[in-house]
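Engineer: Quick one: this structure, given as structure tokens, is what I'll be asking you about.
The values are calculated or read from the model by the stated rules, or taken from the named source; none is laboratory data. Predicted model, so just to flag it, every value in this text is computed and none were measured. When we count neighbours, we look across all protein chains shown, and the Cβ atoms used for this are built from the backbone with ideal geometry, even at glycine. Ligands, DNA and RNA are stripped out before the accessible areas are found, and what is left, the full protein with its side chains, is counted by its heavy atoms. Shrake-Rupley method; radii C 1.70, N 1.55, O 1.52, S 1.80 Å.
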Amino acid sequence: MIAWFGKDQRYSIEERSNFLNIINKTQPERSILLSTCDRIELFMDTECINPDFNFDINFIAHRLFCIAGGLYSPLLGETQIMRQVKDAYQNAVKNRQATKTLHFLIQNAIRVGKKIRSDTGISKGAMSHSLAAFKIIKKYVWNLNSQRITIIGVNNVNLNLI
């Protein structure tokens, strides 16, 4: 059985950083920690930790598959999340934290994420905040050469595309 711990809430960057530091120090042995710009989620093999956990594997698999497919991303279908899922998996493998069940779950999430992108075309269009901002600006500002544009936000936006 796999357990999932995560919240769909907004926290400040400082709160999120503090929480991630605590999780990194106390992460259970047989688990995979997925940290993205929008979420911190811990997937763990409960059979190896506590047999009293009772979580719905279908819910957990569905959630992870949707995350890998970019369905829960601010930019629907963005591809960076797949790199973050793979990094979390590789880190767990390197640290010998991935059990057979976790291997199976993550490998299938990666496969499903790729299938979502290839079968639906969801990844067409702006795949980064900077490209999305550029496309919006270009739509409303015809002559970018004569304009000075300032973008203020909480994410790292790089408009070197202009």
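Engineer: Within segment 112-126, track down each residue that is under 15 Å from the mean Cα position of the chain (by Cα) and either among the aromatic types (Phe, Trp, Tyr) or loosely packed, with under 14 Cβ neighbours inside 10 Å (or both).
Structural biologist: Listed by number, the list holds a single entry, 114.
Engineer: One residue is enough: does segment 99-106 have a residue meeting the conditions β-branched (Val, Ile, Thr), in contact with a Cys (Cβ under 7 Å, 6 or more places away or on another chain) and open to solvent by less than 30 Å² (accessible area, probe 1.4 Å)?
Structural biologist: Yes, segment 99-106 has at least one match.
Engineer: Please list, ordered by first then second residue, the pairs with beta carbon atoms under 6 Å, 6 or more apart or interchain, first in segment 80-101 and over 15 Å from residue 29 (Cβ atoms) and aromatic (Phe, Trp, Tyr), second modelled with pLDDT of 95 or more and exposed (fewer than 14 other Cβ atoms within 10 Å of the Cβ).
Structural biologist: none
Engineer: Right, something else. State whether one or more residues within segment 55-75 are surrounded by 20 or more Cβ atoms within 10 Å (Cβ to Cβ), aliphatic (A, V, I, L, M), touching a strand residue (DSSP E or B) at 6+ places or on another chain (Cβ under 7 Å) and over 21 Å from residue 120 (Cβ atoms).
Structural biologist: So far as segment 55-75 goes, no, none of its residues is surrounded by 20 or more Cβ atoms within 10 Å (Cβ to Cβ), aliphatic (A, V, I, L, M), touching a strand residue (DSSP E or B) at 6+ places or on another chain (Cβ under 7 Å) and over 21 Å from residue 120 (Cβ atoms).
Engineer: Taking the residues in segment 18-27 that are without any contact (Cβ under 8 Å) to a residue 24 or more places away in the chain and either touching an Asp or Glu at 6+ places or on another chain (Cβ under 7 Å) or open to solvent by less than 60 Å² (accessible area, probe 1.4 Å) (or both) as candidates, determine which candidate is nearest to residue 45 (Cα to Cα).
Structural biologist: Taking the candidates together, the pick is 23.
Engineer: For segment 96-146, what are the residues that are at negative phi, of a type in the set (Gly, Ala, Ser) and either in contact with a helix residue (DSSP H, G or I) (Cβ under 9 Å, 6 or more places away or on another chain) or at pLDDT below 80 (or both)?
Structural biologist: 98, 109, 113, 123, 126, 128, 130, 132, 133, 146
Engineer: Now for a different question. Out of all the residues in segment 17-36, which are in a loop (DSSP other than H, G, I, E, B) and over 15 Å from residue 84 (Cα atoms)?
Structural biologist: Result: 27, 28, 29, 30.
Engineer: Looking at the structure I just gave you, is residue 30 at pLDDT 85 or above and loosely packed, with under 14 Cβ neighbours inside 10 Å?
Structural biologist: Answer is no for this residue.
Engineer: Further question: For residue 160, state whether it is modelled with pLDDT of 75 or more, open to solvent by 80 Å² or more (accessible area, probe 1.4 Å) and over 20 Å from the mean Cα position of the chain (by Cα).
Structural biologist: Against the criterion (modelled with pLDDT of 75 or more, open to solvent by 80 Å² or more (accessible area, probe 1.4 Å) and over 20 Å from the mean Cα position of the chain (by Cα)), residue 160 does not qualify.
Engineer: Any chance you could count how many residues in segment 61-92 are more than 12 Å from the chain's Cα centre (by Cα) and farther than 20 Å from residue 20 by Cβ?
Structural biologist: Looking only at that region, the number is 2.
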